[in-house]
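Peer 1: Dropping the structure in here first, questions after.
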Amino acid sequence: MEFTRPVSQLIPTRISVRTYDSRKISREDLSALDSCGSEICAPFGSDLAFRVVHLPDLEEGYLASLGTYGVIRGASYYLLASVKESLNALVDFGYAFELMVLKAHDLGLGTCWLGGTFTRSAFAELLGVRPNHIVPCISSLGHYNPSMPMRDRAIRILARSSKRLPWEKIFFHSDLKHPLREETVPKYAVPLEMLRLAPSASNRQPWRIIYDAGIFHFYRYRSSMYLAGMRLTKIPDLQLVDMGIAMAHFELSAQEVGITGAFETMRERKEFKGMDYVVSYKEEI
Ligand SMILES: Cc1cc2nc3c(=O)[nH]c(=O)nc-3n(C[C@H](O)[C@H](O)[C@H](O)COP(=O)(O)O)c2cc1C
């Protein structure tokens, strides 16, 4: 994946954009997004499909049926993707879709991940979803006013969007009793910070990283009530999508600081109450 700016500049400057203006996205930008989608390989190898749809001049009734009304304003483009159902499909989806989101930001376009506030079936139809594929999330896409309208600011305050958990609440050494100190892994300071800044559903930041014997183990901290709500409303487990986003931020920024490594699923791993093991990252030496 090629970006024109370092990911360590892209990640801290991306924020969710919920109000768009009517400018069209250029052909060049659309084709850059297209090629980006065709290049992406997700860590667990899931089958993914991407598409940007343009929905200009739609009648009010149809727009309302898309279900983004009230949250997203003025967007006539949407970034859509589907993934074939499998064990790690949602993690792969998060990883891959975040690459597209960062690419859009690199092109100067705004996005907003949408996992709850859209009509899944309407967008699945627009995408022409294949059998056994699901559409866990979509994103609005387009040009925006960088001065940010009041409405967007209010949503950000309500969702506490600019806040992130501090390092010591999410990064640990060997077990959950010992926070990971930056001095222990100095060359990973940037990848970990970029992971910390990742967006997540309702900004819950479910990632917990346990560093042990040179390996970074990625766990998902389960927000049980939140997950029960999702199950009830038939929304996919968005916290697994969040884990994929965290993996993308970590891996891209590790590559940027010259670290080569890979994700792998370890058979021997520690269990922690309330947490699910997802994957481990091991540097190639
Ligand atoms: C998987 C996922 C699902 C999300 N779903 C929604 C959504 O349905 N509606 C919405 O307004 N924002 C949604 N968001 C955006 C988050 O609220 C936002 O990323 C978070 O508050 C952090 O703010 P930031 O993106 O501006 O950094 C979602 C984000 C993620 C990663």
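The values are calculated or read from the model by the stated rules, or taken from the named source; none is laboratory data. The model shown is predicted, which means the values in this text are computed figures rather than measured ones. Cβ placement follows ideal geometry from the backbone for every residue including glycine, while neighbour counts extend to all protein chains displayed. In case anyone asks, the SASA skips ligands and DNA or RNA and just uses the protein heavy atoms, side chains included. Shrake-Rupley method; radii C 1.70, N 1.55, O 1.52, S 1.80 Å.
Peer 1: Sum up the lysine pairs in the chain that clear both bars: alpha-carbon distance under 14 Å and a spacing of 8 or more or different chains.
Peer 2: 4
Peer 1: Would the range 131-178 count as rounded, prolate or oblate if I go by the C-alpha gyration tensor, calling it rounded below 1.5 in a/c and otherwise prolate when a/b exceeds b/c, oblate otherwise?
Peer 2: Working: a/c = 3.37, a/b = 1.35, b/c = 2.50.
Here the range 131-178 falls in the oblate category.
Peer 1: Report the one residue of Thr260, Gln205, Val190 whose Cα lies farthest in the direction of the positive end of the charge dipole of the range 167-283 (charges on C-beta: Lys and Arg +1, Asp and Glu -1; origin at the Cα centre).
Peer 2: So the residue we want is Gln205.
Peer 1: May I pose another question? How large a share of the accessible area of the range 7-154, in percent, is made up of carbon and sulfur atoms when the probe is 1.4 Å and the other protein chains stay in place?
Peer 2: C and S fraction of accessible area: 51 percent.
Peer 1: So if I place +1 on the C-beta of Lys and Arg and -1 on the C-beta of Asp and Glu, and nothing else carries charge, what would the dipole magnitude of the range 7-154 be about its Cα centre? I want it in debye, nearest 20.
Peer 2: Working: 13 positive and 15 negative charges, 63 e Å.
Dipole magnitude for the range 7-154 comes out near 300 debye.
Peer 1: Just the accessible area per residue of the range 167-283, please: how many Å² with a 1.4 Å probe?
Peer 2: With all protein chains present, the range 167-283 gives 48 Å² per residue.
Peer 1: Tell me, what % of the accessible area of the range 167-283 is carbon and sulfur with a 1.4 angstrom probe?
Peer 2: The value for the range 167-283 is 52 percent carbon and sulfur by accessible area.
Peer 1: Right, another one. Positive end of the charge dipole of the range 7-154 (Lys, Arg +1 and Asp, Glu -1 on Cβ, about the Cα centre): tell me which of Ala64, Met100, Ser26 has its Cα farthest that way.
Peer 2: So the residue furthest toward the plus end is Ala64.
Peer 1: Can you compute 3J(HN,Hα) from phi for each residue in the range 111-127, using the Karplus curve 6.51 cos²θ - 1.76 cosθ + 1.60 with θ = phi - 60°, rounded to whole Hz and x for Gly and Pro?
Peer 2: My calculation for the range 111-127 gives 9, 8, 4, 10, x, x, 8, 7, 8, 4, 5, 5, 6, 4, 5, 4, 6 Hz in order.
Peer 1: Roughly how many Å is it from the Cα centre of the range 161-194 to that of the range 122-153, as a whole number?
Peer 2: 31
Peer 1: Still on this structure: Might you tell me the accessible area per residue for the range 7-154, computed with a 1.4 Å probe and given in Å²?
Peer 2: Accessible area per residue: 45 Å².
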